[in-house]
Structures are given as C-alpha cells and as structure tokens.
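Beneath this line is the structure, given in structure tokens, with notes to follow.
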Amino acid sequence: MSASNEYTYWHLTPNGWVSGDSKTDFGKRIQKEEPNDTVLTILYKEYQASPFSKMEITQERTFEIKDKDEIAKLEEKFPFKPYID
C-alpha cells in the first residue's frame, strides 16, 4: 500500500482546462463527464510509495485530437497548471 496515490484527469477545451475524474487519498473517487469539445486530456498523478519516499509527479497525455495545430494553439493560450480548481 502506498503512502499517497492521487490523480486528476484534466481536459483541454476551447474555453480552457476542465477537471475530470479524480481520486484523493482521504476523499471519494469523483467521476465527471468528459466535455464534448475536449482536444487534449492529461492524467496528472501524485504518488508516494512510503512516508520516507520522494513524491513522484507525472503527467501523461491520454487523449488528443488529430489536429495538432489546434492543440498547440490552445496550449499556448491556456498553459497547463495542475492546480486549477
């Protein structure tokens, strides 16, 4: 069992970043419907194996549309910040 294992899916839309499904260590798993206009989804994870371990933070692209120019334009307009809420 890990000391900490949390995640949030972030969806980039033409209006900016929208939080999706998430799980925190001491809260319920939250499920949200993905926006229909999502162009990119990033899975942001924080994992710590034990209280003595370093926190591992990863960002994984799990979905992207084929139009890479549109993604780049929106990423420039809305830089990814994992703590948006």
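Magnitude of the charge dipole for the chain, about its Cα centre and with charges confined to Cβ atoms of Lys, Arg (+1) and Asp, Glu (-1), is about 220 debye. Each label was represented as a point 7 Å from its Cα along the Cα-to-Cβ direction; for Ile65 and Asp25 these points are 3.8 nm apart. List the pairs from Lys28/Lys73; Lys32/Lys81; Lys28/Lys77 whose alpha-carbon separation is above 25 Å, in the order I gave them. Beyond 25 Å: Lys28/Lys73; Lys28/Lys77. Here the 3J(HN,Hα) profile of region 51-64, calculated from phi with Karplus coefficients 6.51, -1.76 and 1.60 at θ = phi - 60°, is x, 9, 8, 6, 5, 9, 10, 10, 10, 10, 6, 10, 7, 8 Hz, Gly and Pro shown as x. Just to confirm the number: angle between the C-alpha axis of helix 68-77 and the first principal axis of the chain, 0 to 90 degrees, nearest 10? Roughly 70 degrees, rounded to the nearest 10. Projecting the Cα atoms of Leu43, Asn5, Ser19 onto the dipole axis of the chain, where Lys and Arg carry +1 and Asp and Glu carry -1 at the beta carbon, places Asn5 farthest toward the positive end. Accessible surface for the chain, divided over its residues, is 72 Å² per residue with a 1.4 Å probe. For the chain, the Kirkwood estimate of hydrodynamic radius, built from reciprocal distances between every pair of different alpha carbons, is 13.8 Å.
Residues whose amide H falls under 5 Å from that of Phe63, counting only those 5 or more places apart or on a different chain, are Thr41, with hydrogens built in the peptide plane.
Taken about its Cα centre, region 13-63 carries a charge dipole of roughly 160 debye when the Cβ of each Lys and Arg holds +1 and the Cβ of each Asp and Glu holds -1. Ligands, DNA and RNA left out, the accessible area of region 42-85 computed with a 1.4 Å probe is 54% carbon and sulfur.
The values are calculated or read from the model by the stated rules, or taken from the named source; none is laboratory data. Bear in mind the structure is a predicted one, so any value in this text is a computation, not a measurement. Glycine also receives a Cβ, built like all others from the backbone with ideal geometry; neighbour counts cover every protein chain displayed. Ligands, DNA and RNA are stripped out before the accessible areas are found, and what is left, the full protein with its side chains, is counted by its heavy atoms. Shrake-Rupley method; radii C 1.70, N 1.55, O 1.52, S 1.80 Å.
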